[in-house]
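The values are calculated or read from the model by the stated rules, or taken from the named source; none is laboratory data. The model shown is predicted, which means the values in this text are computed figures rather than measured ones. Reconstructed Cβ throughout: ideal geometry from the backbone, glycine too, with neighbour counts over all protein chains shown. These accessible areas exclude ligands, DNA and RNA; they are computed on the full protein's heavy atoms, side chains included. Shrake-Rupley method; radii C 1.70, N 1.55, O 1.52, S 1.80 Å.
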Amino acid sequence: MTEPSASLDLPADLALQGASCLSDPGRLLFASSDVDQVQGLVGNVMKTHRLHLAADTLALQARMHHVPLGELSLSRLDYGASVYIHPEPLESFYLVTMPVRGLAHIQSGGRRIDSSPEQAAVLNPHDEIRMCWHADNEQIILKLSRSLLEQTLAGHLGRPLEQPLAFNLGFRWVESAPWRLLLPYVLACATAYPDLARHQLVHSQLEQMVALALLLQQRHNYSDAAVKHRATVLPRHVR
């Protein structure tokens, strides 16, 4: 088997993008070693949660960079220690948690995965979530509003949703060429243009691209219906 080219090595590329694009001091939300403070500050961006240090871990050295972009946002988070995280149900948004290094154990919706630079996790709004991040784990986290994804899917299907959208937990992002291409572009846009969020038309198009890419690349409970719908709307000679 031949080695993939460096330009398509997603973990390496994403680690480089994350380190450069989400390391702007102006995007640093906090750097702290206080557990209660970190729990509160991360909760303000994500969701109220319980944060506990593992008994045999290093001291907490947490850092978080954050870039809001309307209906989605990007964060870079590193606890610098092994931690247990138990958030309340997300309710109004979905999360794609993407390690650029290290390992995290994720339990959600009755399933469990080991999340690494080869496998992201997609967390649904209604699922109970428990996580353990190892000390060497650093992640880029994409937050997408529930309304954005549901409206994008309903428009794609041409009908209202009959039940909540639910993604499979494990996302093999290395195997998704569109995601490999789109994510560095979104990172670059989010960090190279600080005023992007002020341009409604531009960032709404970015939101739609990201939402549609996730819906098409990660399996969910409407995936089969979406495939059938695409077939029915094509002209007969194309089908």
Going by the structure shown, is Ala192 open to solvent by 60 Å² or more (accessible area, probe 1.4 Å) and small (Gly, Ala, Ser)?
yes
Hey, can you tell me all the residues within segment 135-156 that are farther than 14 Å from Tyr94 by Cα, in contact (Cβ under 8 Å) with a residue 60 or more places away in the chain and either among the charged types (D, E, K, R) or loosely packed, with under 15 Cβ neighbours inside 10 Å (or both)?
Glu138
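Ser147: closer than 30 Å to Gly43 by Cα, modelled with pLDDT of 80 or more and small (Gly, Ala, Ser), yes or no?
Numbers: closer than 30 Å to Gly43 by Cα: yes; modelled with pLDDT of 80 or more: yes; small (Gly, Ala, Ser): yes.
The answer is yes for Ser147.
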Every residue from segment 169-183 that is outside any helix (DSSP H, G or I) and either closer than 24 Å to Tyr79 by Cα or open to solvent by 60 Å² or more (accessible area, probe 1.4 Å) (or both)
Leu169, Gly170, Phe171, Arg172
Against the conditions (1) touching a Cys at 6+ places or on another chain (Cβ under 9 Å); (2) closer than 20 Å to Asp24 by Cα, where does His105 fall short? Just the number, please.
(2)
For segment 50-165, which strands (runs of 3 or more DSSP E) that fit wholly inside it have 1 or more residues that are touching an Asp or Glu at 6+ places or on another chain (Cβ under 7 Å)?
62-69, 72-78, 93-101, 104-108, 138-145
Cβ-Cβ below 6 Å, separation at least six or inter-chain, first residue in segment 82-98 and closer than 19 Å to Glu207 by Cβ, second open to solvent by 10 Å² or more (accessible area, probe 1.4 Å) and of a type in the set (Gly, Ala, Ser): which pairs?
Phe93/Ser145
Considering segment 35-49 alone, what residues qualify as being out of contact with any strand residue (DSSP E or B) (no Cβ under 6 Å at 6 or more places or on another chain) and in a loop (DSSP other than H, G, I, E, B)?
Met46, Thr48
